[in-house]
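First up is the structure itself, then whatever we jot down about it.
The values are calculated or read from the model by the stated rules, or taken from the named source; none is laboratory data. The structure presented is a predicted model; accordingly, all values stated were derived computationally and were not measured. Cβ coordinates were reconstructed from backbone atoms using ideal geometry, including for glycine residues, and neighbour counts include every protein chain displayed. For accessibility, only protein heavy atoms count, side chains too; no ligands or nucleic acids. Shrake-Rupley method; radii C 1.70, N 1.55, O 1.52, S 1.80 Å.
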Amino acid sequence: MRLSVIGCGYLGAVHAAAMASIGHEVVGIDIDPRKIEALARGEAPFFEPGLQEILAEGVASGRLTFTSDIAAAEGAAVHFVGVGTPQLQGGHAADLSHVNAAFESLLPHVREGDVVAGKSTVPVGTAAELAPRVEAVGATLVWNPEFLREGWAVQDTIDPDRLVTGVPSTPAGERAAQVLREVYHPAVAKGTPFIVTDYATAELVKVAANAFLATKISFINAMAEIAEVTGADVTQLADAIGHDVRIGRRFLGAGIGFGGGCLPKDIRAFAARAEELGRGESVSFLREVDAINLRRRERAVQLVVDALDGSVFDKKVAVLGAAFKPFSDDVRDSPALHAAVRLHGLGAHVVVTDPQAIENARRVQPQLNYEPDRDATIRDADAVLMVTEWDEYRRELTPEHASALTVGRVVVDGRNGLDAAAWRAAGWRYYGMGRP
Ligand code: UGA
């Protein structure tokens, strides 16, 4: 099939490349010429495992092209819109200006019978508002949310655990759902659940899933706070409750909390939308989820301060990690970078390292010192703070190796990913999050 993908960020670029890799002819369109130039050369403009390979392959085959000319969408049977919906400046609601601009520019190039598939995460009610404009040109709007995780985006797009499509309850809606089944044919053929529903449910599935995940993380971080005043160990607690299959161990990783371009802004936008709908109290717990999450960043900073006898002023603190999670170069709302900035503000001599995210981190927090080499980062440090659990830090950095480089023997494990016993045995003062 011929497909167009409007918006080539983390979502759109992966979607375009993945759709080409399963056999479609795809044009990716974005207003950012820098992104388009890189993509058109077959180069991924950000780090995402596996993307480079399918991108280069797609571009070389001629099935995958990129342009900043929206007219190139003409002739595609399905137009995916995957532009960003960041947090509104000065508020908690979602900023829909990119979505509106994308529809505005796309619609003159949409033909009768086409399907327009929204993929952006939007407040419930957005699709119903956009639908008449799409119907006016004889096309059908569907809402087809995306559940990919950064770091696993290629795999999640080609082989998702479910597909959700919100359609109008008309014959055109039914036809559009069928078209989407054809788009995702390999996943559909292997029996991946394909849920056809209404617009509102499709939009809500997306934010409900992220709200649940955020709540799960903040739940275990709340337990970490209780563990801290009782001497309990939150990692053992998580293991123990995680054996209950109704609870499950995944996303019970206590630590410095969640960040990134999705979970934080999605729970805020959801709460803001619920307020607008007069149902603010239904999701008021999300404010608590947010507050717990932000407290954990402060807790990590406080652990470093306490470990250095109450002041980090003029002390060297090595910060291992800048990305919001491993296998990503994304620093949007990164807890790691947040902690580094706070320590810098307290007068510490902060040096930040990360295998992938230094360039992005430097762009948003230029005042920090960055060092690509892990060992140079920790050399002469008074304290080491591990905040993104890359294998380079979690598995490969041994306490014996670190001992030969640092001045102090203080390690704060912001992700509870290090072997506490091994670090202590090597003479380090180890501090975890919610652990004795
Ligand atoms: C999240 C969702 O997991 C995806 O399903 C969704 O499609 C995506 O948002 C989106 O809306 O686009 P992502 O932002 O890539 O994906 O990251 P996650 O893997 O969910 O991790 C989010 C944050 O939670 C990270 O900072 C991570 O370190 C943290 N986390 C995760 C914890 O602190 N503890 C855990 O146990 C798990």
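The table that follows gives values for the structure above.
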quantity	calculated
Residues satisfying the stated conditions in segment 225-241, i.e. open to solvent by less than 40 Å² (accessible area, probe 1.4 Å), assigned to a helix (DSSP H, G or I) and touching a residue at least 40 places away in the same chain (Cβ under 8 Å)	Ala227, Val234, Thr235
Phe80 being buried (at least 20 other Cβ atoms within 10 Å of the Cβ) and in a strand (DSSP E or B)	yes
Which numbered condition Arg287 misses (of (1) on the phi < 0 side of the Ramachandran plot; (2) not in a helix (DSSP H, G or I))	(2)
Given (1) surrounded by fewer than 16 Cβ atoms within 10 Å (Cβ to Cβ); (2) within 16 Å of the ligand (Cβ to nearest atom), index of the condition Gly280 fails	(2)
Subset tally (residues that are open to solvent by 30 Å² or more (accessible area, probe 1.4 Å) and either of a type outside the set (Lys, Arg) or within 16 Å of the ligand (Cβ to nearest atom) (or both)) for segment 283-294	5
Filter result for Ser328 (open to solvent by 20 Å² or more (accessible area, probe 1.4 Å) and among the hydroxyl-bearing types (Ser, Thr, Tyr))	no
Selection count where residues are open to solvent by less than 70 Å² (accessible area, probe 1.4 Å), over 14 Å from Ala214 (Cβ atoms) and more than 15 Å from the ligand (Cβ to nearest atom), scope segment 244-272	2
Every residue from segment 397-436 that is of a type in the set (Val, Ile, Thr) and touching a residue at least 60 places away in the same chain (Cβ under 8 Å)	Thr406, Val407, Val410, Val412
Members of segment 53-68 found to be open to solvent by 50 Å² or more (accessible area, probe 1.4 Å) and in contact with a helix residue (DSSP H, G or I) (Cβ under 9 Å, 6 or more places away or on another chain), listed by number	Glu53, Glu57, Ser61, Arg63, Thr65, Ser68
Tally, over segment 11-29, of residues that are within 20 Å of the chain's Cα centre (by Cα) and either more than 18 Å from Gly118 (Cα to Cα) or not in a helix (DSSP H, G or I) (or both)	0
Some residue of segment 355-376 being buried (at least 21 other Cβ atoms within 10 Å of the Cβ) and touching a Gly at 6+ places or on another chain (Cβ under 6 Å)	no
Residues that are within 16 Å of the ligand (Cβ to nearest atom) and open to solvent by 20 Å² or more (accessible area, probe 1.4 Å), drawn from segment 131-153	Glu146, Phe147, Leu148, Arg149, Trp152
Answer residue from segment 184-214, given it is open to solvent by 40 Å² or more (accessible area, probe 1.4 Å) and under 30 Å from Gly432 (Cβ atoms) and is nearest to the ligand (Cβ to nearest atom) among those	Leu213
Among the candidates Ala102, Ala71, residue that is aliphatic (A, V, I, L, M) and either at pLDDT below 95 or open to solvent by 20 Å² or more (accessible area, probe 1.4 Å) (or both)	Ala71
Test result for Arg394, touching a strand residue (DSSP E or B) at 6+ places or on another chain (Cβ under 6 Å) and either in the same structural domain as Val234 (by TED's automatic domain parsing) or in contact (Cβ under 8 Å) with a residue 40 or more places away in the chain (or both)	no
Residue check, Ala222 more than 12 Å from the ligand (Cβ to nearest atom), open to solvent by less than 50 Å² (accessible area, probe 1.4 Å) and modelled with pLDDT of 95 or more	yes
Residues that are surrounded by fewer than 24 Cβ atoms within 10 Å (Cβ to Cβ) and within 16 Å of the ligand (Cβ to nearest atom), drawn from segment 314-325	Lys325
Filter result for Val301 (assigned by TED's automatic domain parsing to the domain that holds Gly261, among the hydrophobic types (A, V, I, L, M, F, W, C), crowded, with 20+ Cβ neighbours inside 10 Å and assigned to a helix (DSSP H, G or I))	yes
Qualifying residues in segment 30-52 (those that are over 23 Å from the mean Cα position of the chain (by Cα) and in a helix (DSSP H, G or I)) - the one surrounded by the most Cβ atoms within 10 Å (Cβ to Cβ)	Ala40
